[in-house]
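The structure under discussion appears below in the form of structure tokens.
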Amino acid sequence: MKRVAAAWLCAWAAWAGAAQLSVSVRSSQGAAVHDAVVWVEGATSKPGGVPAEIGQRDQEFEPFVTVVSTGSRVLFPNRDKVKHHVYSFSAAKSFEIQLYSGLPAEPVTFDKAGVVVIGCNIHDWMMAYVAIVDSPWFAKSAADGRGELANLPPGRYVLHVWHPYQTAQLAPQNVELASATARRELKLVLDIATPPRKPRPVGGDTY
């Protein structure tokens, strides 16, 4: 009897599961695009902030690109032996964490959708990006250019994509997931141009 009940629950879970959207992002030259942010917005989109972390190691931010939903709190742990001074003057979030080691006193709350560029006031080659989206459904492309959006309720959505090195914004696309078992795959092409960055000094900085 227990086996029958367990089998029924598994079948019900599969039936009641959510749809999935797989997105592949390529450059106009055909190369896989890493760190592309993809997200969908729909009638039932309700951002729910979740904790995230952007660390500092070897005098670089990690990860380079972070995506969170509106209202998320992000912690900036310093894992280096030197101090960092993390800041942003971006319209979506302006903040400053003055010289510190280890864990700052409080995480930073990103409460407005948009893109935030983060730097270090001491080590000016350090740079990172935070994309804040008004949706709980988002992903970041891996090295192969693929990002997976899972647990999507059936419905109609608008798909967005962003990358810090894009030269033009890709128009949003309408996507429909007709059922809870729907599996869609989309291929997107972005024009990417990697800008020059100030090189990290050999051996970093002792300050």
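Since every read-out is calculated from the coordinates, none of them should be taken as a lab result. Note that this is a predicted model, so its numbers are computed, not measured. Using ideal geometry, Cβ is built from the backbone for each residue, glycine included, and neighbour counts are taken over all protein chains shown.
Some values worked out for this structure:
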item: Other-chain or far-sequence residues with amide H under 5 Å of S72's (modelled H); result: V50, F110
item: Cα-projected label distance for R200 with E53, points at 7 Å along beta-carbon direction, nm; result: 1.8
item: Nearest-0.05 FRET efficiency for S28 and Q169, computed from C-beta distance (R0 22 Å); result: 0.95
item: Charge dipole magnitude, Cβ of K and R +1, D and E -1 - the chain, Cα centre, debye nearest 20; result: 520
item: For the range 152-172 and the range 47-124, distance of Cα centres in Å; result: 24
item: Positive-end extreme of charge dipole, the range 46-134 - chosen from S101, V74, A91 (charges on Cβ); result: V74
item: Helix-only mean residue ellipticity at 222 nm for the chain, each DSSP H run of n ≥ 4 adding -39500 (n - 2.57), per residue, nearest 500; result: -2000 deg cm²/dmol
item: Highest-MSF residue in the chain out of P47, P172, P154 [GNM, Cα springs under 10 Å]; result: P172
item: Backbone HN-Hα couplings from phi across the range 18-31 [Karplus 6.51/-1.76/1.60, Hz, Gly and Pro as x]; result: 10, 6, 9, 10, 10, 10, 10, 10, 10, 7, 5, 8, x, 7
item: Selected from G71, G30, G119 as most flexible by GNM, with the chain as the system and alpha-carbon contacts under 10 Å; result: G30
item: Positive-end residue, the chain charge dipole about Cα centroid, Cβ charges, pick of W125, Q20, A31; result: Q20
item: Rounded tilt (10° steps) of 2-15 against the dominant C-alpha axis of the chain; result: 70
item: Förster-model FRET efficiency, 30 Å R0, L186 and R73, C-beta, rounded to 0.05; result: 0.45
item: Nearest-20 debye value, the range 24-142 charge dipole, Cβ charges on Lys, Arg, Asp, Glu; result: 120
